[in-house]
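Taking it in order: structure first as structure tokens, then the write-up.
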Amino acid sequence: MKWEDQERSSNVEDRRGGGSGGGGGLPRIGGRGVGLGTIVIALVAGWIFGINPLTVLGLLSGGGAPVEAQAPASPAAAPPAQDTMAQFVSAVLRDTEIAWQQVFAANGQQYQPPKLVLFRGRTPTACGTGDAAMGPFYCPGDSKVYLDLDFFDTLARRLGAPGDFAQAYVIAHEVGHHVQNLLGITGKVDAMRGRISEREMNALSVRVELQADCFAGVWARLSQGGKIRYEPGDIQEGLNAAAQIGDDTLQRKSQGTVVPESFTHGSSQQRMAWFKRGLDSGSVQQCNTFDAQRL
């Protein structure tokens, strides 16, 4: 990707300088304490499957939205100009802002961009204490994407998805969850928790995640008209990233067997297909996974 000439977003919070980490001990879900064993399960699920572990914690504890997160000790600064990776993230975020502003404006609405928080170790969020072991995640409670940049090394070396476009796809996917929140989709899905079975909730989660993949594809299509320029192999990097974090691929690598009813993000083929659907169409309307007969 050629991104150096792209504008930088003003919506990046850099908490890596210290003072805003921590979080006051273990997070509490729905007003109840969560045991260490539950947290370990959640972190493993987040690291391996890309699930927001804050959601996993809520499901495992039977509680609602996480609470009692502490605010950062001081306002976070913008990332330093000499930090190439942080500047890359800021450029990609700005590109998503431009793309989604166009989409919302075309429908008579105003896009409200998310904040993207860079952190190390642990950080407070409106969804509970975020941990770097969770991988990137979006918190609808504060409309922020959380990212420890070390995850990109994990993405390349352990998950087999190297490349700057693979990294951009991860950011665009999380921004896709923000778009779902703005459209009211997140709230409707959360309202189903506890009202349907675990298997049905997993199936619903798959549709949520595949739609976020499709929204990432919409961004990729629209960004081609901006200052970010694609190079040969970029799109393939995105497709490979989608494939490497498919539930079937991750289950096969981690446990040697595939359990489709436990899927929460979709198979590798599904994730690639929905990303490509958004990429080919550039249309939000083509990303309606909830009405799709086949995923």
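The values are calculated or read from the model by the stated rules, or taken from the named source; none is laboratory data. Everything numeric in this text was worked out from a predicted model, so none of it was measured. Backbone-built Cβ (ideal geometry, glycine too); neighbour counts: all protein chains shown.
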Discussion item. I'm checking my understanding of the structure. Among residues of the range 146-205 that are touching a residue at least 60 places away in the same chain (Cβ under 8 Å) and among the hydroxyl-bearing types (Ser, Thr, Tyr), which one is surrounded by the fewest Cβ atoms within 10 Å (Cβ to Cβ)?
Written reply: 154
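Each row is one residue, and each column tells you yes or no for (1) without any contact (Cβ under 8 Å) to a residue 60 or more places away in the chain; (2) more than 17 Å from the chain's Cα centre (by Cα).
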site: 84; (1), (2): yes, yes
site: 90; (1), (2): no, no
site: 95; (1), (2): no, no
site: 98; (1), (2): no, yes
site: 103; (1), (2): no, yes
site: 107; (1), (2): yes, yes
site: 110; (1), (2): yes, yes
site: 115; (1), (2): no, no
site: 119; (1), (2): no, no
Item to complete: Answer yes or no as to whether residue 138 is without any contact (Cβ under 8 Å) to a residue 60 or more places away in the chain, of a type in the set (Ser, Thr, Tyr) and either farther than 17 Å from residue 282 by Cβ or not in a helix (DSSP H, G or I) (or both).
Response: no
Item to complete: List every residue pair whose Cβ atoms lie under 8 Å apart, where the two residues are 6 or more positions apart in sequence or sit on different chains, the first residue falls within the range 207-235 and is within 19 Å of residue 284 (Cα to Cα) and modelled with pLDDT of 95 or more, and the second residue, located anywhere, is acidic (Asp, Glu) and buried (at least 21 other Cβ atoms within 10 Å of the Cβ).
Response: 212/174; 219/95
Worksheet entry | Residue ranges of helices (runs of 4 or more DSSP H) in the range 147-241 with at least 2 members more than 25 Å from residue 8 (Cβ to Cβ), acidic (Asp, Glu) and touching a helix residue (DSSP H, G or I) at 6+ places or on another chain (Cβ under 9 Å) | 198-223
Worksheet item: When the residues of the range 270-284 are filtered to those that are polar (S, T, N, Q) and part of a helix (DSSP H, G or I), which remaining residue is farthest from residue 248 (Cα to Cα)?
Response: 281
Worksheet item: In this structure, is residue 228 among the hydrophobic types (A, V, I, L, M, F, W, C), more than 17 Å from the chain's Cα centre (by Cα) and crowded, with 20+ Cβ neighbours inside 10 Å?
Response: yes
Worksheet item: Out of all the residues in the range 29-41, is one or more surrounded by 23 or more Cβ atoms within 10 Å (Cβ to Cβ), at pLDDT below 95 and closer than 23 Å to residue 149 by Cβ?
Response: no
Practice prompt. Count, please, the residues in the range 250-278 that happen to be free of Cβ contacts under 8 Å to residues at least 24 places away in the same chain and surrounded by 19 or more Cβ atoms within 10 Å (Cβ to Cβ).
Written response: 3
Discussion item. What's the number of the only condition in (1) aromatic (Phe, Trp, Tyr); (2) at pLDDT 95 or above; (3) touching a helix residue (DSSP H, G or I) at 6+ places or on another chain (Cβ under 6 Å); (4) outside any loop (DSSP other than H, G, I, E, B) that residue 111 fails to meet?
Written reply: (4)
